[in-house]
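Please treat every number below as a calculation from the coordinates, not as lab data. Note that the coordinates shown come from a computational prediction; the quantities given were computed from them, not determined experimentally. Note: ideal-geometry Cβ built from the backbone for every residue, glycine included; neighbour counts use all protein chains shown.
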Amino acid sequence: MKLRSKPMAFALLAVTLIGLSCTKEVDSKPQFIFKPAPNENAAAKVNGEVVTYDTLLNGVESELYEAEMKVYELKMNALRGMVLKKYMEADPAYKGDNDKFLQEVIAKDIKVSDKEVMKFAKDRKIPETNLNDELKSRIKDFLKKEKTQGAIDSWLGMKTKSSPIEVYIKEPKRPVKNVEVGDAPFMGGADAKVTIVEFSDFQCPFCKKGADLMTELKSAYGKKIKVAFKHFPLPFHNHAKKAAEAAMCAESMKKGTFWKMHDKMFADQSGLAMDGLVAKAKSIGLSEDDFKKCLNEGKFSMAVQKDIEQGKSIGVKSTPTFFVNGQLVNGAQPMEVFKKIIDQELKK
């Protein structure tokens, strides 16, 4: 009897354990019930409390906008492809082959010279020693595609000039934040209609591009815009926080020297250790002893930290990050991106 009961006992135990494990797995999963929302801003109800989209999406607005833009671009690219196809097929020169029509009619005069390839490499600081035949061929293909796209746009522009295409696809709106400028240093018009708040890091190479962009915008718009600078030194840039303090020390010692120090540090991002900062301060006419004292005492450490906390509270996660009249622009985007927003804001 004992020999027979052991297998039975083990079988019962196994069934019990399986039952328990299945029950535990079901209980461990959060229970979601999908229902119609009571209003447009309601995202969920947790413990009887309605969670709004404003609360749910706080802090991920940038990622959400980028995802929505990808969907928008997919739709627009599909529309462009459809429009191109329709106009090609309606053209008297069309012979039933899209690729042939594109090559022989729309992009028939496109050529890429060796001089253009070398200019492309020079502009992007590609060493000549790296320019082998394979890389040159890839650059040439890239430039040819760019020119072909330009030719397509010009051809469609001519075709649709008298009958523009009506588009009902909505472009996503940029996240908008209320950004307090406070006493941040700025260039441009004090009462300008458009304010750009820049969160930046003196040790960040992309921030140097961002700084150059802001200078170009200032040249283009003058006092129509105001560009304010906020500090957001990243934790893995070991000299960035002291560099931020250095710029503030400079301004406190002599009004107007913030931007001089700003330019010096971005021009030489490898020289942001103490010796380099002191040398830059001296080069713009500041007292070495007073400057060192300001940095060593950490006089503006809390002010820099305040900028960091402000940035985090409005969703800044990387540098450079810009807010154009509150509209978020993440990264050193092309000039056209900024001009589009600025021009729209100036028209309001």
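Order 56-63, 294-301, 274-281 from most to least packed using the mean count of other Cβ atoms within 10 Å.
By packing density, highest mean first, the sequence is 274-281, 294-301, 56-63.
Considering only A90, A244, A332, give the residue with the highest GNM mean-square fluctuation for the chain, with springs between Cα atoms whenever their separation is below 10 Å.
Ranking A90, A244, A332 by mean-square fluctuation puts A90 first.
Which distance in nm do the two modelled labels at S301 and Q103 give, with both placed 7 Å along the Cα-to-Cβ direction?
About 6.7 nm separates the two model spin labels.
Which three numbers, in whole Å and largest first, are the semi-axes of the equivalent ellipsoid of the stretch 24-173 derived from its Cα gyration tensor as √(5λ)?
47, 27, 15
Past the 31 Å Cα-Cα mark, which pairs from K242/K348; K223/K312; K136/K208; K136/K339; K177/K224?
Going by Cα-Cα distance, K242/K348; K136/K339 fall outside the 31 Å limit.
R0 = 25 Å: FRET efficiency of K35 with K177, Cβ-based, nearest 0.05?
That gives a FRET efficiency of 0.20.
Put a dot 7 Å past each Cα toward the Cβ at K254 and R80; how far apart are the dots in nm?
5.0 nm
In terms of Cα to Cα distance under 19 Å, which lysines are near enough to K75, apart from those fewer than 8 places away along the same chain?
K85, K86, K170, K173
Pairs of Cα atoms under 8 Å, at least six residues apart: use those to get the relative contact order of the chain, whole percent.
With pairs under 8 Å counted, the relative contact order is 17 percent.
Calculate the dipole size of the stretch 136-186 relative to its Cα centre from +1 charges on Lys and Arg beta carbons and -1 charges on Asp and Glu beta carbons; express the result in debye to the nearest 20.
So the magnitude is around 460 debye.
Any chance you could run the full-extension gain for K170 through T215? It's 0.36 nm times the residue separation minus the Cα-Cα distance, nm to one decimal.
Stretched fully, the K170-T215 segment lengthens by 13.0 nm.
Between E134 and E336, what's the calculated FRET efficiency when r is the beta-carbon distance and R0 is 22 Å? Round to 0.05.
Efficiency, rounded to the nearest 0.05: 0.10.
Taking the stretch 311-344, which chymotrypsin sites (Phe, Trp or Tyr not before Pro) meet the DSSP loop condition and have no more than 12 other C-beta atoms within 10 Å?
Sites meeting the loop and neighbour criteria: none at all.
Taking H placed 1.01 Å from N in the peptide plane, check which residues at least 5 places from K45 or on another chain put their amide H under 5 Å from its amide H.
For K45, the qualifying residues are V51.
Hey, got a sec? Which chymotrypsin sites (Phe, Trp or Tyr not before Pro) in the stretch 58-97 land in a DSSP loop and have at most 14 other Cβ atoms within 10 Å?
Y94
To the nearest 20 Debye, how big is the dipole of the chain about its Cα centre, given +1 on the beta carbon of each Lys and Arg and -1 on that of each Asp and Glu?
With only Lys, Arg, Asp and Glu charged at Cβ, the dipole is about 440 debye.
Which GluC sites (Glu not before Pro) in the stretch 136-237 sit in a loop by DSSP (not H, G, I, E or B) and have at most 15 other Cβ atoms within 10 Å of their own Cβ?
E166, E180
Under a GNM of the chain (C-alpha, springs under 10 Å), which listed residue has the highest mean-square fluctuation: E104, E134, E336?
E134
When 1/r is averaged over all different Cα pairs and the result inverted, which Kirkwood radius in Å belongs to the chain?
25.9 Å
Projected onto the charge dipole of the stretch 24-173 (+1 at Lys/Arg Cβ, -1 at Asp/Glu Cβ, origin at the Cα centre), which of F101, V167, P38 gives the Cα projection farthest towards the positive end?
Checked the options; the winner is F101.
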